[in-house]
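Colleague: Dropping a structure here in structure tokens format, bear with me for questions.
The values are calculated or read from the model by the stated rules, or taken from the named source; none is laboratory data. As the structure is a computational prediction, the values presented were derived from the model and not from experiment. Note: ideal-geometry Cβ built from the backbone for every residue, glycine included; neighbour counts use all protein chains shown. These accessible areas exclude ligands, DNA and RNA; they are computed on the full protein's heavy atoms, side chains included. Shrake-Rupley method; radii C 1.70, N 1.55, O 1.52, S 1.80 Å.
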Amino acid sequence: MDVITNVSEMQARVLSIKDRKESIGFVPTMGALHEGHVSLVRSARNENDELIVSIYLNPTQFDNKDDFDNYPHQLDKDIEIVEREDADVVFAPGTEEMYPEGFCTYVTQGKLIDSLCGRLRPGHFNGVTTIVTKLFNIIRPDRAYFGQKDYQQSIVIEKLVADLNMGVDVKVLPTVRGEDGLALSSRNKRLNPEERHSALCIYGSLLKAKSMFASNVKDSKEIIEEMTSIIKKAKHTRIDYISIVNANTLEDVSSINGKAVAAVAVWIGNTRLIDNLILE
Ligand code: AMP
């Protein structure tokens, strides 16, 4: 496996893959890898000739300096994890490569970023759409793999690819959870044991939404009230949002009639976690 840190070297490698007419599977990550990332890497390995994993902590998608400064780093360990999964290339550029001096072109999106995390994290999704566009232009993947854990991100990227005719097959894979149900996240590494225990309220609230919906409760307000009370009962929690949205448009729905998503963002101490479940 090769570790490439330079954009032009990465592009040369991609050209040689394209010359051989091999398919490229791509998994973009911000590092601090866990089994959720590994599930994307494994699918990409199975479905493509060449597998490229990027590890890049993208500063433009952080709206909070503290979050960026405290994001876990473990590049050497990440490289070992990806090598074990038989990837061909890790692309780990520095910020001077991705945003050289004078960089001033951004990709922005409308409507889909008006709700959920987009509403509360100004600039976040413009950072995501910009970096994903840059990575897709460098790596020119046939297929790219994302997790349902970041539901809004997956919808934003599907729309980015469709609207800008990028011709990448976007695959969205299920959320990988710990045995206790907590969605795996790089940010979980920042929780102390008591906070980690409190964080279980997130999945608990989503399971409540699912069971209410299964027993025919369609009223979002009623479901959100129950979810709120579960999260408020747990220690160290502060709710950013609890929403039930249309699964395609991400607009709030007052009553669940088509495919919907229950989505939650909660601060556990100083760590903000998100999770969701599809209701259909
Ligand atoms: P990140 O490194 O957090 O930017 O995540 C890189 C990719 O891994 C994104 O597509 C995430 O949605 C995905 N991902 C993160 N956590 C999980 C998880 N628990 N299960 C599945 N995919 C995940």
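Colleague: Being in a helix (DSSP H, G or I) and either open to solvent by 10 Å² or more (accessible area, probe 1.4 Å) or more than 10 Å from the ligand (Cβ to nearest atom) (or both) narrows it down to one residue among N165, N137; which is it?
Modeller: Within the list N165, N137, the selection yields N137.
Colleague: Still on this structure: Which residues, counting only those in segment 190-209, are under 21 Å from the mean Cα position of the chain (by Cα) and of a type outside the set (G, A, S)?
Modeller: Of everything in segment 190-209, those that are under 21 Å from the mean Cα position of the chain (by Cα) and of a type outside the set (G, A, S) turn out to be R190, L191, R196, L200, C201, I202, Y203, L206, L207.
Colleague: Return only the number of the condition from (1) more than 12 Å from the ligand (Cβ to nearest atom); (2) modelled with pLDDT of 95 or more that N64 does not satisfy.
Modeller: Among (1) more than 12 Å from the ligand (Cβ to nearest atom); (2) modelled with pLDDT of 95 or more, the lone unmet condition for N64 is (2).
Colleague: Would you mind stating whether F26 is within 17 Å of F146 (Cβ to Cβ), among the aromatic types (F, W, Y) and within 13 Å of the ligand (Cβ to nearest atom)?
Modeller: So F26 fits the description; yes.
Colleague: Could I ask something else about it? Can you say whether G178 is within 13 Å of the ligand (Cβ to nearest atom) and outside the structural domain of K18 (by TED's automatic domain parsing), as far as the supplied structure shows?
Modeller: Against the criterion (within 13 Å of the ligand (Cβ to nearest atom) and outside the structural domain of K18 (by TED's automatic domain parsing)), G178 qualifies.
Colleague: Here is a follow-up. Does segment 246-260 hold any residues that are touching a residue at least 60 places away in the same chain (Cβ under 8 Å) and in contact with a Leu (Cβ under 7 Å, 6 or more places away or on another chain), and which are they?
Modeller: Listed by number, the list holds a single entry, L250.
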